Ligand SMILES: [Ca+2]
């Protein structure tokens with residue numbers, strides 16, 4: 001999408017994600033987070049293959065919802081197999097180990113290929129990524145909230161003047177889909193399908209509104225349950241959940257029923273699936289989503305995108321409410337932003353069918 005936003009006729013994809021969430025212009029001045037006891041799986045140099053992961057046994061569930069947004073339904077009965085999934089979003093610490101080991105360069109760190117983007121100037125092809133820059137008016141449109149900033153990348157999520165120093169446990173952001181997949185492959189893992197992700201997010205609460213149930217995102221004691229946007233979007237985030245218009249370190253909010261943290265809010269998460277509006281009711285057993293040729297975003301026809309799930313710190317109740325398990329958006333695979341991260345999955349091979357003995 002960083003490329004798309006540079007093409008004046010191709011901004012709808014940005015709107016699609018922007019309607020879901022945002023990051024404030026006061027990114028440099030955000031208030032100190034409320035201290036919380038956050039849970040981060042301990043790093044290990046010789047970790048087992050499933051270090052930091054939770055085993056999900058799989059099963060049947062109702063995927064999607066009666067549409068709050070048109071793309072979310074209608075719901076369908078679906079089955080997923082067993083898999084391990086990261087207990088938390090992939091962190092800056094995790095991603096740094098990958099970079100150190102492989103010297104991989106993320107998409108945002110590479111200049112755009114002039115052959116692929118002949119209409120862009122040399123300046124526009126410089127390494128860059130999308131950053132939410134806020135708005136002064138609730139009437140401001142998404143094109144004013146977001147900016148392509150040269151030098152924005154995973155080490156500098158808000159632009160070259162920002163840094164991840166001291167934020168090892170924050171979820172890595174400014175990673176494009178191919179960056180997330182490269183990390184997963186490095187570990188011998190994969191990205192979750194949308195169905196696997198949603199099954200895991202529901203935590204065993206089939207048909208519940210949120211990952212924790214049907215109540216609003218505070219528990220009975222008033223303790224917040226997710227890092228979202230609180231206040232008047234996109235102008236003012238009160239930060240009542242402890243994180244004002246910014247990511248929280250992973251694991252700072254209570255886990256869902258499967259022991260997974262931040263399946264609601266904090267950062268959107270890449271899935272493996274290509275995006276098309278709605279759910280195919282015929283795709284009921286370990287659904288993989290449409291193939292690339294059928295990928296479609298009505299807001300930007302002709303650009304195949306992947307599904308992102310979970311909402312982010314920019315999701316507001318008064319705007320999009322997309323930090324719910326069935327919520328989904330289309331993410332252009334060539335674009336990272338400062339509110340999209342990911343987690344990985346390791347599928348458990350299906351048991352072979354018993355052999356009949358004659
Ligand atoms: Ca927040």
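Per-residue answers, yes or no, for (1) touching a residue at least 60 places away in the same chain (Cβ under 8 Å); (2) more than 16 Å from the ligand (Cβ to nearest atom); (3) within 25 Å of residue 90 (Cα to Cα); (4) in a loop (DSSP other than H, G, I, E, B):
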position	(1), (2), (3), (4)
312	yes, no, yes, yes
319	yes, no, no, yes
322	yes, no, yes, yes
326	yes, yes, yes, yes
329	yes, yes, yes, no
333	yes, yes, yes, yes
350	yes, yes, no, yes
354	no, yes, no, yes
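Can you name the condition, by its number, that residue 280 falls short on among (1) within 13 Å of residue 194 (Cβ to Cβ); (2) touching a strand residue (DSSP E or B) at 6+ places or on another chain (Cβ under 7 Å); (3) surrounded by fewer than 17 Cβ atoms within 10 Å (Cβ to Cβ)?
Condition (2) is where residue 280 drops out.
Identify the residue in the range 124-168 that is under 16 Å from the mean Cα position of the chain (by Cα) and in a loop (DSSP other than H, G, I, E, B) and, among all such residues, is surrounded by the most Cβ atoms within 10 Å (Cβ to Cβ).
In this case the residue turns out to be 157.
With respect to residue 189, determine if the residue is out of contact with any helix residue (DSSP H, G or I) (no Cβ under 8 Å at 6 or more places or on another chain) and free of Cβ contacts under 8 Å to residues at least 12 places away in the same chain.
Considered against the rule, which asks whether it is out of contact with any helix residue (DSSP H, G or I) (no Cβ under 8 Å at 6 or more places or on another chain) and free of Cβ contacts under 8 Å to residues at least 12 places away in the same chain, residue 189 comes out as no.
Would you check if residue 316 is modelled with pLDDT under 90, surrounded by 19 or more Cβ atoms within 10 Å (Cβ to Cβ) and either closer than 23 Å to residue 231 by Cβ or touching a helix residue (DSSP H, G or I) at 6+ places or on another chain (Cβ under 7 Å) (or both)?
It is true that residue 316 is modelled with pLDDT under 90, surrounded by 19 or more Cβ atoms within 10 Å (Cβ to Cβ) and either closer than 23 Å to residue 231 by Cβ or touching a helix residue (DSSP H, G or I) at 6+ places or on another chain (Cβ under 7 Å) (or both).
Tell me which residues, restricted to the range 335-348, are surrounded by fewer than 24 Cβ atoms within 10 Å (Cβ to Cβ) and not in a loop (DSSP other than H, G, I, E, B).
Result: 345, 346, 347.
What single numbered condition from (1) over 19 Å from residue 88 (Cβ atoms); (2) in contact (Cβ under 8 Å) with a residue 60 or more places away in the chain; (3) near the ligand (Cβ under 10 Å from one of its atoms) fails to hold for residue 240?
Exception for residue 240: condition (2).
Considering only the range 195-237, state which residues are within 26 Å of residue 275 (Cα to Cα), away from the ligand (no atom under 11 Å from the Cβ) and outside any loop (DSSP other than H, G, I, E, B).
195, 196, 197, 198, 199, 200, 201, 202
The values are calculated or read from the model by the stated rules, or taken from the named source; none is laboratory data. Everything numeric in this text was worked out from a predicted model, so none of it was measured. Here Cβ is always computed from backbone atoms with ideal geometry, including for glycine, and neighbour counts include all displayed protein chains.
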